[in-house]
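Colleague: I'd like to ask you about the structure that follows.
The values are calculated or read from the model by the stated rules, or taken from the named source; none is laboratory data. Computed from a predicted structure; not experimentally measured. Please note: Cβ atoms are built from the backbone with ideal geometry, for glycine as well, and neighbour counts cover all protein chains shown. What goes into the accessible areas is simple: the full protein's heavy atoms, side chains included, and nothing from ligands, DNA or RNA. Shrake-Rupley method; radii C 1.70, N 1.55, O 1.52, S 1.80 Å.
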Amino acid sequence: GSIAQTGAKMVLANIPDVTVIPALSKGSALAAEGMPIAKFGMTKKDYATPYSHEHIKLILEGKDSGPLGPGEILHSYDVPTIQAILEADNQVIAAVAAQFHCPVVDMHAIFNKIKKHGYTLPNGTHLTADYLGGLFGLDGVHPTVTGQAVLAKEFIKTINAYYGTNLPQANVMEANLTDPEGFRMATGALPLNVPA
């Protein structure tokens, strides 16, 4: 409301599904890597959170018998509740956008699409939303420079479509070539201008 009073043009973004970020490790993926998820107290449908990493290491080293504790597992039966909260929050964001006559970048749909299909750069390099897939940084939560460029492109597309502007698109390929995390993850190598 305060921004709208200035007469500035605005754009909002909704909230993505938290289960698509690589910081959450699905039990099925851990099991596929040969990890004893039963010792972790997980099923294949549960998710290990970033808070579990040290505890998992202790279990794997035989220094703890498990299971993982509170905050270390997102159980599958809790996921629908979280998704319902996200949906309710996104409905509020949509209502606010309508109230103040501004567009919404549908981050929820964008993240789901990237999780399902990945993102292909103009040179044919395929990036994914998986850990070390090139779009998310080492913390598994925040996008790499490349990931930020992908999101910027979506913001610009939404702004141009809604306001009839002609803002230049973000160059995702250029961002990737100068992105030490995204480039290394996508190609296994470092760009020439980035120190190891």
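Colleague: Residues in the stretch 101-109: is at least one at positive phi and open to solvent by 40 Å² or more (accessible area, probe 1.4 Å)?
Modeller: The answer is yes; a qualifying residue exists.
Colleague: Let me confirm something: among MET10, MET35, MET107, which residue is aliphatic (A, V, I, L, M) and farther than 30 Å from ALA161 by Cα?
Modeller: Just a single option satisfies the conditions, and that option is MET35.
Colleague: Let me ask another. Just checking, how many residues over the stretch 153-174 are surrounded by fewer than 16 Cβ atoms within 10 Å (Cβ to Cβ) and of a type in the set (A, V, I, L, M)?
Modeller: Final tally of qualifying residues: 3.
Colleague: What tally of residues in the stretch 112-130 results from selecting those that are in a loop (DSSP other than H, G, I, E, B) and within 10 Å of the chain's Cα centre (by Cα)?
Modeller: So the answer is 2.
Colleague: Go through the stretch 94-118 and give me each residue that's under 25 Å from ALA23 (Cα atoms) and in contact (Cβ under 8 Å) with a residue 60 or more places away in the chain.
Modeller: Scanning the stretch 94-118 gives VAL105, ASP106, MET107, HIS108, ILE110, PHE111, ASN112, ILE114, LYS115.
Colleague: Go through the stretch 63-81 and count every residue that is surrounded by 13 or more Cβ atoms within 10 Å (Cβ to Cβ), under 23 Å from the mean Cα position of the chain (by Cα) and part of a loop (DSSP other than H, G, I, E, B).
Modeller: 2
Colleague: Additional query: Taking the residues in the stretch 134-152 that are assigned to a loop (DSSP other than H, G, I, E, B) and touching a helix residue (DSSP H, G or I) at 6+ places or on another chain (Cβ under 6 Å) as candidates, determine which candidate is surrounded by the most Cβ atoms within 10 Å (Cβ to Cβ).
Modeller: The selected residue is LEU135.
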